[in-house]
Amino acid sequence: MAYVITDACIKDFVCAAECATAAIMPAAADDPKAGGLSQLFINPDECIDCGNCVSLCAQSAIFSIDDLPADMAHFAEKNKAYFN
Ligand code: SF4
């Protein structure tokens, strides 16, 4: 299991700054990769399923993969694909 960021993300980087395993990328606004992206992503291989990022997200953009609404299911692959 892992957590997944969806397109409600506004890239405020609050979650990335607090993730204990640095699973959320890009991690900061000054990362050169951040400018061209519409959202942040969670690395499923680094996420330890602590759930802390969910409560930190003011946009409610982050879900446990098990709780992803059906119309957002594709974001699981989109998050994973960012790291491939
Ligand atoms: S659930 Fe925990 S480990 Fe996974 S991305 Fe969120 S803060 Fe990081």
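Kindly evaluate Cys19 against the criterion of being more than 12 Å from the chain's Cα centre (by Cα), touching a residue at least 12 places away in the same chain (Cβ under 8 Å) and near the ligand (Cβ under 8 Å from one of its atoms). No. Evaluate segment 38-55: report whether one residue or more is part of a loop (DSSP other than H, G, I, E, B), touching a Pro at 6+ places or on another chain (Cβ under 8 Å) and modelled with pLDDT of 95 or more. Checked segment 38-55: at least one residue is part of a loop (DSSP other than H, G, I, E, B), touching a Pro at 6+ places or on another chain (Cβ under 8 Å) and modelled with pLDDT of 95 or more. In this structure, does Asp66 turn out to be in contact (Cβ under 8 Å) with a residue 24 or more places away in the chain and surrounded by fewer than 16 Cβ atoms within 10 Å (Cβ to Cβ)? Taking the combined requirement at face value, the residue satisfies it. If I filter segment 28-41 for residues that are of a type in the set (S, T, N, Q) and near the ligand (Cβ under 8 Å from one of its atoms), do I get at least one hit? Checking segment 28-41: not a single residue is of a type in the set (S, T, N, Q) and near the ligand (Cβ under 8 Å from one of its atoms). For the structure I just gave you, tell me whether Val4 is assigned to a helix (DSSP H, G or I) and within 14 Å of the ligand (Cβ to nearest atom). In short, no.
The values are calculated or read from the model by the stated rules, or taken from the named source; none is laboratory data. These numbers come from a predicted model, not from an experiment. Glycine gets a Cβ as well: all are built from the backbone with ideal geometry, and neighbour counts include every protein chain shown.
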